Amino acid sequence: MNRILRKNCLLDTNILIFVTDQNSPYHSEALKIFDVIARGELKAYVSTQNLLEYGAVLTRVYKVPQKEIAADIQELLSDSYFTVIHPAEIAVSIFLDFMNKKTGTYIYDLYLIATAIVSNMDYIITDDRELAKVKGIKIFNPFLPKNQQGG
């Protein structure tokens, strides 16, 4: 994790889910990321897209009432752990360019990558290996052993 310290890192939605889901096999590792953020050792960002996806997953998969999700999101934002980024208009052009390259990456992930690029993120922290198929952003997967981490 040392290589991402003091870097601008966009958290993928799955990291937020793993922190929330105490039954996830990734829960304790995701909590460690939040600890590093809380100590100010990691510049963490979430996008508005992450917040929407977080709500959608909790509603559909975990059957959490919307009112509880709204409270969770409000708590995330009020803790000042993260800076919320909003996609710039140029992100749409980058997103469309990615789509034309047929990477096989999920469409929402392509838009998240485009948002990360135009927001000058150094890394996206995720367990989603599909994101690494797209050139232009570095991926850090905290759930892989150190010897399997990419650049």
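The values are calculated or read from the model by the stated rules, or taken from the named source; none is laboratory data. The structure presented is a predicted model; accordingly, all values stated were derived computationally and were not measured. A quick note on method: Cβ atoms are made from the backbone with ideal geometry, for glycine too, and the neighbour counts reach across all protein chains shown.
A compact table of results
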item: Hits in the range 9-41 - residues which are outside any helix (DSSP H, G or I) and either at pLDDT below 95 or buried (at least 18 other Cβ atoms within 10 Å of the Cβ) (or both); result: 9, 10, 11, 12, 39, 40, 41
item: Boolean, residue 70 is small (Gly, Ala, Ser), outside any strand (DSSP E or B), over 14 Å from the mean Cα position of the chain (by Cα) and surrounded by 20 or more Cβ atoms within 10 Å (Cβ to Cβ); result: no
item: Considering residues of the range 122-136 that are in contact with a strand residue (DSSP E or B) (Cβ under 7 Å, 6 or more places away or on another chain) and either without any contact (Cβ under 8 Å) to a residue 24 or more places away in the chain or closer than 11 Å to residue 12 by Cβ (or both) only, the residue surrounded by the fewest Cβ atoms within 10 Å (Cβ to Cβ); result: 132
item: Qualifying positions in the range 121-139 - of a type outside the set (D, E, K, R), farther than 18 Å from residue 99 by Cβ and part of a loop (DSSP other than H, G, I, E, B); result: 121, 126
item: Search result, residues across the range 80-102 that are loosely packed, with under 12 Cβ neighbours inside 10 Å, over 17 Å from the mean Cα position of the chain (by Cα) and not in a helix (DSSP H, G or I); result: 89, 102
item: First in the range 25-53 and farther than 27 Å from residue 91 by Cα, second anywhere and among the basic types (Lys, Arg) and part of a loop (DSSP other than H, G, I, E, B), Cβ under 9 Å, 6 or more apart; result: 41/6
